[in-house]
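Worksheet: the structure to be examined is printed underneath.
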């Protein structure tokens with residue numbers, strides 16, 4: 001038996017092999033000795049479990065939003081224009097090519113696919129009885145079903161980015177330099193993923209869910225696939241398969257063929273919407289039968305839904321809305337999200353960079369608290385003057401004075417996600433020499449939270465606030481401080497929250513979207529759309545229609561689609577979904593300058609604006625009125641941040657040029673409209 005030089009793939013090695021060759025992506029890497037054979041691995045319980053456990057590194061960490069974001073995390077919220085982050089700036093300002101695109105998953109995911117295939121081929125039960133040296137047959141079967149799920153998941157993460165990709169189902173020798181794979185037709189890839197997930201679901205060996213009962217979850221296994229996760233991924237697969245980009249809507253893709261003439265992209269197929277509906281209904285029925293529901297918190301006095309607590313707590317603890325999650329969190333790394341979204345002058349350290357900002361386009365996408373968009377007549381939205389806002393995110397419930405009217409009377413998701421000028425931060429009494437526990441974020445010229453050294457400041461005039469635990473006080477040594485008057489309050493320096501991969505709200509909006517494509521008059525469209533809105537404290541479209549506040553949405557396919565698009569923008573900001581949503585809908589193209597803004601619904605990816613960070617924000621503070629709104633040196637004016645690029649070929653991420661170069665038989669073809677460059681393999 002040939003000795004293995006490379007067995008386990010470390011995540012640190014992945015980053016360095018993003019542009020690996022075609023043969024490299026069939027390889028696995030080493031943490032074991034050169035004397036260990038593959039037979040030796042699968043005769044040892046510990047090594048077998050390590051091999052299996054390493055496959056889980058295929059999971060994309062969408063909670064990782066910051067300068068350390070890479071192909072296996074979430075650069076997409078910045079690339080899509082939701083967040084204004086310096087680390088992704090060049091991607092859409094300078095653009096990218098097949099040779100220099102920076103966020104490829106190609107080589108990485110194929111290494112995990114190969115590792116999973118080897119596992120399925122080699123794993124077997126070991127020993128008898130109990131103990132660390134025993135691997136019973138029932139555990140082997142569970143691990144095999146998990147490996148199948150992770151293969152399907154890995155292919156999905158390639159599929160959503162590149163479209164058709166090579167379908168590798170054999171275990172080729174990684175030392176064979178003649179290995180070369182053509183891309184599989186999209187429908188073949190879809191059906192392969194669907195069949196793998198169907199095998200897992202029909203076998204029924206995985207746990208149904210980690211939910212064991214109300215507020216009772218098997219947290220220790222949150223990342224391990226379950227039947228609910230398999231059903232959810234299968235439903236999401238078919239929503240994508242039916243969507244415009246994947247379903248014949250990109251005309252130029254229809255001419256792309258392999259070297260043997262095989263077409264890769266399918267013509268439009270209406271039946272895919274019906275399949276998506278079927279898969280979603282199967283999933284929703286199963287999820288509801290297990291007790292999964294939108295997470296809601298209730299006011300202890302009125303026993304009514306507390307929307308502010310609901311949209312905050314859904315990310316702070318495991319709950320019935322979560323279908324699949326990891327435990328990823330990192331409060332210590334200065335390059336990661338938690339530290340990079342603190343005000344630059346708060347919890348100050350040499351590595352507190354405060355540069356995860358939010359675009360004005362995303363700020364504008366949130367609704368008013370009356371359920372209307374900022375563009376609807378009668379919404380009450382204003383961009384003049386200042387007011388006092390009862391900030392629901394402050395631990396002491398303090399009202400914030402001198403708040404620009406743009407930020408008043410907005411919905412709960414806005415206050416949970418956006419740090420705006422004058423908003424109080426969640427510090428507590430006696431912190432940072434603030435006896436009353438009040439600290440305000442001021443971003444204007446000369447202000448402490450504003451422009452700092454280099455580009456380590458919130459250049460759009462906002463900070464991303466979503467996901468943050470409001471008892472976090474990094475850098476504070478004492479843990480017992482006062483909360484509300486007379487109430488002891490515990491302060492934390494870190495917080496273990498789930499990093500959500502799949503949650504129920506996503507699928508309610510998928511269901512509304514699919515039904516709208518099939519029958520715009522289906523009442524379940526508004527029913528499921530309104531479930532998400534009501535949880536967020538936003539009046540549903542049924543209520544708005546009944547009270548004559550907003551008519552013309554219900555039953556109108558175009559209006560319902562726009563409503564779903566904007567709802568997804570507000571609900572999932574920063575979760576890494578908008579880039580993939582806008583592409584599958586094909587709404588990224590620039591909008592004419594004279595066309596009225598649609599509140600982020602059009603998806604124009606070339607726009608990126610914010611407040612004027614070089615302007616003064618003391619317009620009416622202390623009644624000075626020194627710089628009225630509209631002054632050229634006022635902070636409160638929409639200001640373009642950058643000129644972003646968009647070309648139609650961007651709808652599909654390019655196949656890595658070096659993979660095409662390594663395709664010795666020239667079998668690997670490029671995505672539509674990208675330049676085709678064929679170089680001789682080394």
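Taking the Cα centre of each part, how many Å lie between the range 382-422 and the range 512-572? Here the answer is 26 Å between Cα centres.
Residues 72, 586 in ascending order of nearby Cβ atoms (within 10 Å, fewest first): 586, 72. Summary value for the range 274-423: 15 percent relative contact order, contacts being C-alpha pairs under 8 angstrom separated by 6+ residues. Exposure proxy ranking for 468, 317, based on other Cβ atoms within 10 angstrom of each Cβ and starting from the fewest, stands as 317, 468. If R0 is 41 Å, the Cβ-Cβ spacing of residue 252 and residue 285 corresponds to a FRET efficiency of close to 0.60. One chain, two ends: residue 215 and residue 638. Fully extended at 0.36 nm per residue, the span grows by 147.8 nm beyond their Cα-Cα distance.
Peptides 538-550, 294-306 ranked from most to least packed by the mean count of surrounding Cβ atoms within 10 Å: 538-550, 294-306. Using the Cβ-Cβ distance between residue 56 and residue 94 with R0 set to 30 Å, the FRET efficiency works out to roughly 0.30. The value of relative contact order for the range 176-304, using C-alpha pairs under 8 Å at least six residues apart, is 26 percent.
Here the range 188-230 and the range 255-273 have alpha carbon centers that stand 30 Å from each other. For the range 148-235, the relative contact order comes to 30 percent (Cα pairs under 8 Å, sequence separation of at least 6). Along the Cα-to-C-beta direction of residue 68, a point sits 7 Å from the Cα; which residues of the range 322-348 have their amide N less than 16 Å from that point? In the range 322-348, the label zone of residue 68 (backbone N under 16 Å from the point 7 Å along Cα→Cβ) covers 327-342. The order of 188, 617, going from fewest to most other C-beta atoms within 10 Å of their C-beta, is 188, 617.
Here, each number is a calculation from the coordinates, and none is a lab measurement. Keep in mind it's a predicted model, so treat the numbers as computed, not measured. Backbone-built Cβ (ideal geometry, glycine too); neighbour counts: all protein chains shown.
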